[in-house]
Amino acid sequence: MSLTEQLGRREVDPDRVLPDAAPVNFTPTDIAVNPDHIATDMRDLAERVRSLMALQHQRVLQLPLGGRFFDIVITASGPQAYAAVTVMDEIQRSPNELGGACGPVIEDPQRSWLVWLVPPGTSEQWKPHRYATCLGRPHSIALPAVTTTEPPGPYWLRPFRGDRLVPPTALGEQLDLFQPGPTPHEAVLSSMLSTIS
């Protein structure tokens with residue numbers, strides 16, 4: 001016997017008139033939480049939740065690199081880099097997929113950069129590359145709103161989506177092949193990442 005069969009059903013008159021609800025009275029309380037009493041992992045979780053809510057509300061999102069999200073590979077933009085994006089579209093395209101299939105890529109036209117989102121931990125295994133710099137922890141990046149798909153300002157050349165990142169091995173091979181340059185220097189990158197927005 002199902003739960004709905006065990007519990008009796010109350011018949012409700014569909015034409016009944018409901019009284020107006022009483023006004024809601026919220027009583028403010030003065031509770032101060034000492035930031036030192038918040039566990040570090042909970043503080044990190046709260047910051048990430050706030051960041052994801054900002055992205056959902058079409059605002060610029062500041063995220064730490066590494067962890068559970070992603071690292072980034074930064075290259076020059078331009079014809080050679082666009083050719084690499086096109087080949088990555090082919091590499092990552094599933095059988096019934098149309099259009100750009102490459103993992104997320106941000107173009108920053110002001111700095112002439114492409115920012116490729118790659119799996120977290122890539123920066124720890126990335127070998128020095130002539131045409132790219134890879135960054136992870138402790139850096140962070142300001143991502144454009146997910147609806148920003150054209151200039152002015154940084155925009156998503158390939159969309160941010162939950163089902164894929166750019167595979168770093170294939171990306172490295174395409175960068176060797178197409179040789180986009182000049183490569184942004186890591187010291188310059190780390191000072192400017194939080195301003196990509």
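T169 falls short on exactly one of the conditions (1) touching a residue at least 12 places away in the same chain (Cβ under 8 Å); (2) closer than 18 Å to F70 by Cβ, and that condition is (1).
Against the conditions (1) without any contact (Cβ under 8 Å) to a residue 24 or more places away in the chain; (2) within 20 Å of P154 (Cβ to Cβ), E97 satisfies every one except (2).
Residue-level analysis places L157 among those that are farther than 21 Å from G66 by Cα and crowded, with 21+ Cβ neighbours inside 10 Å. In summary, P180 fulfils each of the numbered conditions (1) more than 11 Å from I74 (Cβ to Cβ); (2) at pLDDT below 95; (3) not in a strand (DSSP E or B) with the single exception of condition (1). In the set D89, D36, D41, only one residue is in a helix (DSSP H, G or I) and modelled with pLDDT of 90 or more; that residue is D89. Filtered by the rule that a residue be surrounded by 15 or more Cβ atoms within 10 Å (Cβ to Cβ), closer than 22 Å to D176 by Cβ and of a type in the set (D, E, K, R), the stretch 60-119 gives D71, D89, E107. Across the stretch 161-177, the qualifying residues are those that are out of contact with any helix residue (DSSP H, G or I) (no Cβ under 7 Å at 6 or more places or on another chain) and either at pLDDT 85 or above or open to solvent by less than 40 Å² (accessible area, probe 1.4 Å) (or both), and the one among them that is nearest to G99 (Cα to Cα) is L165.
The values are calculated or read from the model by the stated rules, or taken from the named source; none is laboratory data. Computed from a prediction, not measured in an experiment: that's the story for all the values here. Note that we place each Cβ from the backbone using ideal geometry, even for glycine, and neighbour counts take in every protein chain shown. Areas reflect the complete protein model, heavy atoms only, side chains present, ligands, DNA and RNA absent. Shrake-Rupley method; radii C 1.70, N 1.55, O 1.52, S 1.80 Å.
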